[in-house]
Amino acid sequence: MIQILRRSISAAVRTGAVVPTGVMALTVALAASASPASAQTQAEYDTQIRQLMNHPAVRAAMEHIEETDDQTMADLRELTQIPAPPFMEEERGRAFLAKLQEIGVDSAWVDEVGNVIGLRRGTGDGEVLALAGHLDTVFPPETDVTIRESGDTLFAPGIADDTRGLATILAVLRAMNEANVRTDGDVLFIGNVGEEGLGDLRGVKHLFREGGPRIDTFISVDGTSSSGITHMGLGSHRYRVTFIGPGGHSWGAFGLPNPAHAMGRAIRYFQDGADPYVRNAPFRTSYNVGRIGGGTSVNSVPFESWMEIDMRSEGVETLNDVDAILQGAIRRAVAEENDIRTRGEPLTVDVDMIGDRPSGEIAEDHPFVQRAAAVTRALGMEPSFGRSSTDSNIPISMDIPAITIGGGGQGFGAHSLDEWFRNEDGPTGVQRVMLVVLSQVGVTQAS
């Protein structure tokens, strides 16, 4: 109930509508009733998870995960070797959809942006949980994604980030079906698009749009960690800034405003302003000019120069402050270049936001986070809590309980051509994901 009210208030604020006093008061009252004063102890969470693991159907599902690990690895191999660059996830999406349908869901579909969704219905008495892994990788379409093997290690771009997440989600669905685990709440099994790079979380943004499917809690399965719990979102702004001028010969047209010179000034002014701010900012914050380009030859005044910038911060206001420093640096640089020109039309600049990931956090003592921690302890591992930029950023920023956890095994070299995966305790990671799901949606019966 409180999540629905919070979403309504957030939507009203975004559109400038007035929030009725009674709605605001009810939201505050409900939030107060869910305060830490009524929170469970760690021991109580641990007891609940042990009881869940002793449920006959859940025990059977955990055994099934171990017994069918070869199938999980076969899914991993097959999906890894289907290229899935950002905005080109269709082929891998079709394969993932076919597997959902083969394993068995109540319904399955592909939405308007390419997210693949399978619905496994519960009794209708519980909430709706989304279990998602992202279909896309960072690699361009020409990248060779053939798996290379060396002993027990598999090498391939994208094999851990995030094809392992997709294989884990399929393994969880398969185990729940085979063991006839029935849940109170519905579970959406999702392969979403657009997590990486310029995808800018577009798949999950679409899921949580106004009018999107009901989702009360969200789990992103990303990477391989079997003990980490990401419950805090790292916000980021990304820009492509293009400086545009008339262009001409470096000798014959000398005196024209130079986009490259203006860009160089902008980078320097940006760093001069951002560096002292970041050193003393109340939240950890970073900035980076990651790519630059433009021009046609060494002896031409460029008609265009461009750069791409990434800024990140744990705090909303600090991120906005660094963003403002960038905007000021750009304006100053363009004005100065135009002031010193002796001929030609003035420079112009296009500032395009190409990435906007909100920050936020779900409290460590939130029941959803604590259930995930209790599951981790029950499987013999010590949970670690952290912050990152993942698909969970979107629901977290909307006060919807969300975490990102790994799919098991060991991986390294994400976003590199030498990325690798080793199936070390892989089934334990899959079991962990399933138990976190079941601890949230509730188990009803088994035949």
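The values are calculated or read from the model by the stated rules, or taken from the named source; none is laboratory data. Treat the numbers as computed from the prediction; the structure is a model and nothing was measured. Quick reminder, even Gly has a Cβ in these numbers, built from the backbone with ideal geometry, and neighbours come from all protein chains shown.
Being part of a strand (DSSP E or B) and either outside the structural domain of I400 (by TED's automatic domain parsing) or within 20 Å of the chain's Cα centre (by Cα) (or both) is the filter here; which residues of the range 162-208 pass it?
V187, L188, F189, I190, G191, N192
A324: out of contact with any Gly (no Cβ under 7 Å at 6 or more places or on another chain), part of a helix (DSSP H, G or I) and either crowded, with 20+ Cβ neighbours inside 10 Å or modelled with pLDDT under 95 (or both), yes or no? Taking the combined requirement at face value, the residue does not satisfy it. How many residues does the range 283-298 hold that are assigned to a strand (DSSP E or B) and polar (S, T, N, Q)? Counting residues in the range 283-298 that are assigned to a strand (DSSP E or B) and polar (S, T, N, Q) gives 3. Within the range 209-227, how many residues turn out to be crowded, with 21+ Cβ neighbours inside 10 Å and either assigned to a loop (DSSP other than H, G, I, E, B) or not hydrophobic (A, V, I, L, M, F, W, C) (or both)? Selection size over the range 209-227: 8. Take the residues of the range 268-280 that are crowded, with 19+ Cβ neighbours inside 10 Å and either within 30 Å of the chain's Cα centre (by Cα) or without any contact (Cβ under 8 Å) to a residue 24 or more places away in the chain (or both): which is farthest from R341 (Cα to Cα)? It comes out as V278.
Within the range 359-375, the set of residues being buried (at least 19 other Cβ atoms within 10 Å of the Cβ), of a type outside the set (A, V, I, L, M, F, W, C) and assigned to a loop (DSSP other than H, G, I, E, B) comprises just one member, S359.
Could you look through the range 378-394, keep only residues that are more than 17 Å from G223 (Cα to Cα) and in contact with a helix residue (DSSP H, G or I) (Cβ under 6 Å, 6 or more places away or on another chain), and pick out the one that is surrounded by the most Cβ atoms within 10 Å (Cβ to Cβ)? So, considering only residues that are more than 17 Å from G223 (Cα to Cα) and in contact with a helix residue (DSSP H, G or I) (Cβ under 6 Å, 6 or more places away or on another chain), the one surrounded by the most Cβ atoms within 10 Å (Cβ to Cβ) is I394.
Restricted to the range 377-399, and to residues there that are touching an Asp or Glu at 6+ places or on another chain (Cβ under 7 Å) and of a type in the set (V, I, T), the residue that is farthest from G197 (Cα to Cα) is I396. Would it be correct to say that T183 is over 30 Å from D418 (Cα atoms), surrounded by 17 or more Cβ atoms within 10 Å (Cβ to Cβ) and among the hydroxyl-bearing types (S, T, Y)? When the stated conditions are applied, T183 passes them.
Of all residues in the range 230-247, those that are farther than 26 Å from T296 by Cβ have Cβ atoms under 6 Å from Cβ atoms of residues that are basic (K, R) and part of a strand (DSSP E or B), 6 or more apart or on another chain, in M232/R387; L234/R312; L234/R387; G235/R357; S236/R312; S236/R357.
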